[in-house]
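The next block holds one structure in the form of C-alpha cells; read it before the comments.
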Amino acid sequence: MAKETIIKIKIIDLKVGMYVTDFNHDWRNPCCQDKDPNAFRGPRLIRTESEIQAIIDHGIKELFIDIAKGKETDGKSLNEVEQNLSQQLLELGDDEELAIKFNPEKPFSEELSAAAEVKSKARMIVGHVLTDARLGKQVALAPVQDAVRGMAESMFRNPDAILSLSLIKKRDEYTFMHSVNVGVFLMSFCRALDMEEETIIKVGVGGMLHDIGKMKTPEHILNKPGKLTDEEFHIMKQHVVFSRQILEQTAGIPEISIYVAAQHHERFDGTGYPSGLSGDEINEFGQMAAIVDVYDAITSDRIYHKGNPPHVALKRMLDWSTNHFNTKLYQKFIQCVGIYPIGTLVRLENHLVGIVIHSNRESLLYPVIKVILDAKTGKRFNPRDINLMEHSADTGGGFRIVRPEPNDKWKIDPKQFMPKPDLYQ
C-alpha cells in the first residue's frame, strides 16, 4: 500500500516550500480576504513568508499539506483525521446527555404532506418578501410570521417530517430555498434545545429573512460563477449589514430575528464579519445561525460548488467547530439532524445498503432504514424497512452501520425511496 502523503498541520508549522492541498476553513467565510478574496480556495505551493502571514491573518488555524509535492514535516495523516472525526461523530450520536427526547403527536409519514404544504407556502412568501425588498418596498412581516407559525405547528406534531424536506435537497432557486431551509434548521435546533414556541417562531422569522440584504447586492455579483474581485467581494460582504438595516426598519420585528440576520457570518474565534465578534460577544441565536447557514450552504449545489453529502458536511464542520463555532452548540446541532441524516445512504456490517428514512432519538447510531441492495453481490431487491434499534442488542447480526455510501456509486436517488417521494421532487 502506498504511503499516505496528505497530512494535517498547525499553522505555526507551515513553511515556505510546503504544498497546501486544503486550507480547512469555512469556504463561505472569507473574512480576511479584503486584499485577495480568492487566495485560499485551491491547492498551491507556498513560495513566500508573506503568503504564510496572509494565511495567518485570515484566521486559519490548521490546514492540509502534501509532503510528496513539497517540504515534509510531521502531522496526522488524512486517514487518521477522518477516522478520528468519524469516531467523534459516533460518540456524539450515542451520548445520552445530548440526546433529544420528544414524543411526536403524529407519525412521520402522516405529517409529511402537511409539512410539505407549509414549507411550500413559506418558500412562496419568502420569494415575495425578497422580491419586494429588491424593489425597495417595506417588509411584510405578518405573512412571514404566519408561515413560520405553520412550520412550527408541523414541527411540534413531528419534528422529523419538515426537517427531512430540508435535509434532502431539491434543485430549486437557491436564494429562496436557502432562506427557508435556514429557518427550518434553526427552528429544529431551537426545538432540540427545548425552547418555547414563541422563541422558536422569532428565530424562524430571522432565519427566513437572514439574507434579505442580498436583495441589495447586484445580481452579477450574487450569481457570479467565477472568482470575485476585491471590490465585488467587499460589496458581497455588505449584505449582512443591509439585512440588519432592513430588519431594524421593519415594524414589529423581534430583536432575536435581527440577531440571526446580523450575526450569521460572525465566527466564534473572531474571524467572521461584519464586526469580527468572538465568543459570547455573539448572541446565542447568532451562534446558532452561523452553524445552520454553513451547513445548508455546503450541502447545497451551487454554480461554483457541488454540495457535500450531509455526513461529510457534519464531519467537516466538526473539524472546524474547534475554531469557527460554539462547540457545545454544534454538538447539539448534530443531535438535531442526526449523525446519519435522513436521506443518507448507509452500508451495514452484513453488506446491506439502505436509505435512512428517519432517526431513532434513543440512539442516532440506529436509525430506521429502507434496505435496497446487497453491496457484496450488487443485487437489488424489493425495498423493506428495518428499524436498526430493534437489532441494537444483536452484536453478531450485522445490523450496525459501517459507513455512509456515496449515492453516485450505486446510482441511487434517496428521494425515490422516501415515504411519499413526490414531496421530495
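Descriptive notes on the structure:
- In segment 388-402, residue farthest from Leu345 (Cα to Cα) [restricted to those that are touching a strand residue (DSSP E or B) at 6+ places or on another chain (Cβ under 9 Å) and outside any helix (DSSP H, G or I)]: Gly398
- Residues satisfying the stated conditions in segment 130-183, i.e. outside any helix (DSSP H, G or I) and closer than 22 Å to Val294 by Cα: Ile168, Lys169, Lys170, Arg171, Asp172, Glu173
- Candidates are the residues of segment 200-218 that are more than 14 Å from Ala289 (Cα to Cα) and not aliphatic (A, V, I, L, M); the one that is surrounded by the fewest Cβ atoms within 10 Å (Cβ to Cβ) is Pro218.
- So Ala251, is it modelled with pLDDT under 95, on the phi < 0 side of the Ramachandran plot and either part of a helix (DSSP H, G or I) or buried (at least 24 other Cβ atoms within 10 Å of the Cβ) (or both): no
- Single match in Gln335, Gln287, Gln245 (criterion: in a helix (DSSP H, G or I), more than 28 Å from Ile55 (Cα to Cα) and at pLDDT 95 or above): Gln245
- Count of segment 52-101 residues, restricted to those that are farther than 29 Å from Glu362 by Cα, outside any loop (DSSP other than H, G, I, E, B) and under 21 Å from the mean Cα position of the chain (by Cα), is 2.
- Val148 being in the same structural domain as Leu209 (by TED's automatic domain parsing), surrounded by 14 or more Cβ atoms within 10 Å (Cβ to Cβ) and either modelled with pLDDT under 90 or in contact with a Leu (Cβ under 8 Å, 6 or more places away or on another chain) (or both): no
- Scanning segment 166-200 for residues that are more than 15 Å from Glu153 (Cβ to Cβ) and of a type in the set (A, V, I, L, M) yields Leu167, Ile168, Met177, Val180, Val182, Leu186, Ala192, Leu193, Met195.
- Lone unmet requirement of (1) touching a Leu at 6+ places or on another chain (Cβ under 6 Å); (2) modelled with pLDDT of 90 or more for Leu388: (1)
- When Lys119, Lys71, Lys76 are screened for being surrounded by 14 or more Cβ atoms within 10 Å (Cβ to Cβ) and either on the phi > 0 side of the Ramachandran plot or touching a Gly at 6+ places or on another chain (Cβ under 8 Å) (or both), only Lys71 passes.
- Some residue of segment 271-283 being among the small types (Gly, Ala, Ser), surrounded by fewer than 23 Cβ atoms within 10 Å (Cβ to Cβ), assigned by TED's automatic domain parsing to the domain that holds Ile201 and closer than 19 Å to Val129 by Cβ: no
- Index of the failed condition, Val184 passing every other in (1) within 16 Å of the chain's Cα centre (by Cα); (2) aliphatic (A, V, I, L, M); (3) modelled with pLDDT under 95: (3)
The values are calculated or read from the model by the stated rules, or taken from the named source; none is laboratory data. Computed from a prediction, not measured in an experiment: that's the story for all the values here. FYI the Cβ positions are ideal-geometry reconstructions off the backbone, even for glycines, and counts take in every protein chain you see.
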